[in-house]
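The values are calculated or read from the model by the stated rules, or taken from the named source; none is laboratory data. Model, not experiment: these values are computed from the prediction. Here the Cβ positions follow ideal geometry from the backbone for every residue, glycine too, while neighbour counts run over all protein chains shown.
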Amino acid sequence: MKKFGSFLLSFALVLGIISPSASAATNFSDVNKSTSFYSEIQFLVDAEIISGYYDGTFKPQKNVTRGEAAIMIGRMMELDGTKRATKFKDVPASHSGSGYIASAVSEKVISGYPDGTFRPNQQISRGDMAIILANAFDLNFRPHYTFSDVTSRMKAYGPVLALAAESITTGYANGTFKPHDAVTRGQFSAFLARGLSPLYKQKAALAGGYAQNMTKQYTYAEVDGDVVHTYKYIDGTINGMPLGFMWEAKRTKDGKVVYYMQFENRDSLASGLPYSDISIDLKYPATLHKSWKSYGNSNDYETITKVNTTVTTPYKTFTNAIEVKGSSGYKSYYVPNVGQVKTIDPSGKTVSQLKSIK
């Protein structure tokens, strides 16, 4: 997120001590705690990224226009929103979003059309939204899975997958993304909030999944000392490529750090190092004897050898773990809504086990 890394970093510090429930209620007459994405809307209102209409409403069910998207993205990125002339014949200086539109175009976050128009009142689709957000957040990673209705021939193909890799979207239960559907103001707020905060990424996570909770800090007791795993925004690069939100595994003994990512959808759980290969850790549904390849081109297999098994760790004893045994002989144990809790090598020695969650 090179365009506003310091902004994200300051948000991360604030979110570390303020929970969504601590915020005051919105003043919108049509938004209350029963409204879908209420906390996401409140979060963005508090950050002065979104606002309502002159009549005191927010209209969460209203479809987002290109002009509104540019304004919200512009505020999030702290771009210059001063009204001014633009290069688009349908966006005069008097337009409420002229400054943000001009700035967002200059930052290559959004673009106009070949006929010289911007079409600020045109509704954006989910595919267009993915392109805008991927540009704004400078997203580059892709998960191991795709959506059945998003093909490589589509302009939104890469951006949609980038949003999935960033846990900004999980798509629909039937494996689709619906790139041509419109986006409501409430939905757009949710996507923005997920891009900015692990709190909202976790809200959209797979219920009953086996990925680590992005709002928790995990400490594992390992052979070479304790390792603390924290999901956070990493303001850095690897070989010139940005990192962004991901897991940091830091060994307390010598400060050695490794960054990694987890990807989970309704089909599987996977993990990998940034800009590297991705391994399939689990295939869903996680049933006894299910087997799969760890890597696409390898001969390594993983198999679920036990379900609802008991595993003891320094943190606690779990009775609902699943045991996964690899062709290399290693055994790993996963617990729903917790993640991996223990790993044992082929000789039976424990090499990693959960020590604490906070």
Inset, instruction - Looking for whichever is among the aromatic types (Phe, Trp, Tyr), in contact with a Pro (Cβ under 8 Å, 6 or more places away or on another chain) and at negative phi here; the options are TYR295, TYR301, TYR330. Which one fits? - result: TYR330
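Residues are listed down the side, and each one gets a yes or a no for (1) surrounded by fewer than 16 Cβ atoms within 10 Å (Cβ to Cβ); (2) not in a strand (DSSP E or B):
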position: GLY296; (1), (2): yes, yes
position: TYR315; (1), (2): no, yes
position: ASN320; (1), (2): yes, no
position: GLY329; (1), (2): yes, yes
position: TYR333; (1), (2): no, no
position: GLN340; (1), (2): no, no
Inset, instruction - For ASP281, indicate whether it is among the charged types (D, E, K, R), in contact with a strand residue (DSSP E or B) (Cβ under 7 Å, 6 or more places away or on another chain) and assigned to a strand (DSSP E or B). - result: yes
Inset, instruction - Determine which member of the set TYR231, TYR210 is part of a loop (DSSP other than H, G, I, E, B), in contact with a Pro (Cβ under 7 Å, 6 or more places away or on another chain) and surrounded by 17 or more Cβ atoms within 10 Å (Cβ to Cβ). - result: TYR210
Inset, instruction - May I ask you to say which residue of VAL31, VAL109, VAL64 is more than 26 Å from PRO159 (Cβ to Cβ), in contact with a Ser or Thr (Cβ under 9 Å, 6 or more places away or on another chain) and either surrounded by 16 or more Cβ atoms within 10 Å (Cβ to Cβ) or among the β-branched types (Val, Ile, Thr) (or both)? - result: VAL31
Inset, instruction - Please verify whether the range 235-244 includes one or more residues that are in contact (Cβ under 8 Å) with a residue 24 or more places away in the chain, out of contact with any helix residue (DSSP H, G or I) (no Cβ under 6 Å at 6 or more places or on another chain), assigned to a loop (DSSP other than H, G, I, E, B) and over 21 Å from PRO274 (Cα atoms). - result: no
Inset, instruction - Look at the range 122-152 and say how many of its residues are part of a loop (DSSP other than H, G, I, E, B) and on the phi < 0 side of the Ramachandran plot. - result: 16
Legend entry - Matching option when the condition is in the same structural domain as LEU192 (by TED's automatic domain parsing), touching a residue at least 24 places away in the same chain (Cβ under 8 Å), on the phi < 0 side of the Ramachandran plot and part of a helix (DSSP H, G or I), among ILE110, ILE101, ILE50: ILE101
Legend entry - Filter pass, ILE238 being assigned by TED's automatic domain parsing to the domain that holds ALA270 and farther than 29 Å from TYR38 by Cα: yes
Inset, instruction - Answer yes if at least one residue in the range 113-121 is in a loop (DSSP other than H, G, I, E, B), among the charged types (D, E, K, R), in contact with an Asp or Glu (Cβ under 9 Å, 6 or more places away or on another chain) and touching a residue at least 24 places away in the same chain (Cβ under 8 Å), and no otherwise. - result: yes
Legend entry - Qualifying positions in the range 69-97 - in a loop (DSSP other than H, G, I, E, B), closer than 21 Å to GLY116 by Cα and of a type in the set (A, V, I, L, M): ALA85, VAL91, ALA93
